[in-house]
Amino acid sequence: MVRALTQCIAAGVLALLGFWLPTILNAATVQARVTRFDTSGKRNNAPDRGAVLWLTPILKSVEQPDRIPHEVAGTRFRLVQKNKRFHPHVLVVPVGSQVEFPNRDPFFHNVFSLFDGKRFDLGLYEAGTTRMVNFDRPGICYIFCNIHSEMSAVVIVLATPYYGISNSEGEISIPSVPAGRYQLHVWNERSSPEVLNNLVREITISGDPCSLGIIRLPESGKLVQTHKNKYGRDYDPATANPIYNHK
C-alpha cells in the first residue's frame, strides 16, 4: 500500500512538472527603458521614474495558469499618509487587492477618489487609525485628501501579474513572462490619456532575454495637479481649525 501511494505521488509530481515545465522554460525577463521629453525640446530623453508598463495576455496565446503569482498573493498593500504626503506616490496592485490607508500624521485626513477604477470616500479619520479599500476592478485611481489639496497618489489596478515600475534610470524589468502574445500598455502621470492609448500595441514574447527598447513619452505636464475637492468645489483656504490642521 505504501509503495502504491508512493507511485501515485510520484505520478502526480511528474504530471505537475509536465504542466509547468514548458511555461518555466519559455519564460522571459522583459526589459524596457522609459524616457520623456517636452514639446519645447528643452528636455529630451530624460529618464522617467514612476512610469508603469504592463502586459495583458491575449486569449489562448499564453500557456499559464489562471492565478496570482505566489510572491504577489500574500502581499499587504499600504498607501501611508505621512507629512501630508502619500507614500508611495504610485502603487500598482492586482485586481481584488485590499489596500490599507493608515494615517500617520498628527491630524485628520479624508482620503477619496472620484475617478474611474474605484470610487470611494473614507471620511474623516484621526491620527493613528487606518481605513481599508478593496480595489475590485481594473483601472487608474487618482487619490486625494479632501482636507489637504497638495496630497495626491495614484493606484493602478491590473488584471495581469506582468508589470513593472521604472526606477530612477527609467529602467523596467518584468520577470517570468511566459511566451505568447500580449498587449503592451504604458502609464505615465505626465502624459495625456490620448498619448498613452496610442502607445498600446501587440507584442510577442518568444524567449529570454526580451528587450522592448526605449519607450519615449511626450510630457504634457502633471495632469491632475489642480483638482477639486470631493464635492466638486475649490478647496477652502487654510484655517486655524485644530481638527483639520492645514498648516
If you take the residues of the stretch 181-203 that are under 13 Å from Ser220 (Cβ atoms) and of a type in the set (Asp, Glu), which of them is surrounded by the fewest Cβ atoms within 10 Å (Cβ to Cβ)?
Glu194
Condition check for Tyr142: in contact with a Leu (Cβ under 6 Å, 6 or more places away or on another chain), touching a residue at least 60 places away in the same chain (Cβ under 8 Å), under 27 Å from Leu217 (Cα atoms) and open to solvent by 20 Å² or more (accessible area, probe 1.4 Å):
no
Filter the stretch 125-137 for residues that are surrounded by 14 or more Cβ atoms within 10 Å (Cβ to Cβ), over 18 Å from Arg76 (Cβ atoms) and out of contact with any His (no Cβ under 7 Å at 6 or more places or on another chain) and give the result.
Ala127
Which members of the stretch 127-170 meet the condition of being among the charged types (D, E, K, R) and at pLDDT below 95?
Asp136, Arg137, Glu150, Glu169
Can you pull out every residue in the stretch 109-142 that is of a type in the set (Gly, Ala, Ser), assigned to a strand (DSSP E or B) and under 13 Å from Asn229 (Cα atoms)?
Ser113
Need the failing condition index for Met151 against (1) touching a Pro at 6+ places or on another chain (Cβ under 9 Å); (2) in contact (Cβ under 8 Å) with a residue 60 or more places away in the chain, just the number.
(1)
Quick check on my filter: what residues within the stretch 158-191 are over 13 Å from Ala32 (Cα atoms), of a type in the set (A, V, I, L, M) and not in a loop (DSSP other than H, G, I, E, B)?
Leu158, Val177
Of (1) in a strand (DSSP E or B); (2) more than 27 Å from Thr75 (Cα to Cα), Val155 satisfies all except one. Which?
(2)
Count - residues of the stretch 227-246 that are at pLDDT below 75, out of contact with any Ser or Thr (no Cβ under 9 Å at 6 or more places or on another chain) and not hydrophobic (A, V, I, L, M, F, W, C):
5
Every residue from the stretch 89-124 that is within 15 Å of Thr75 (Cα to Cα) and in contact (Cβ under 8 Å) with a residue 60 or more places away in the chain
Leu91, Val92, Val93, Pro94, Val95, Ser97
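The values are calculated or read from the model by the stated rules, or taken from the named source; none is laboratory data. As the structure is a computational prediction, the values presented were derived from the model and not from experiment. Neighbour counts run over all protein chains shown; Cβ positions are idealised from the backbone, glycine included. Quick note on the areas: whole protein, heavy atoms, side chains included, nothing else; ligands and nucleic acids left out. Shrake-Rupley method; radii C 1.70, N 1.55, O 1.52, S 1.80 Å.
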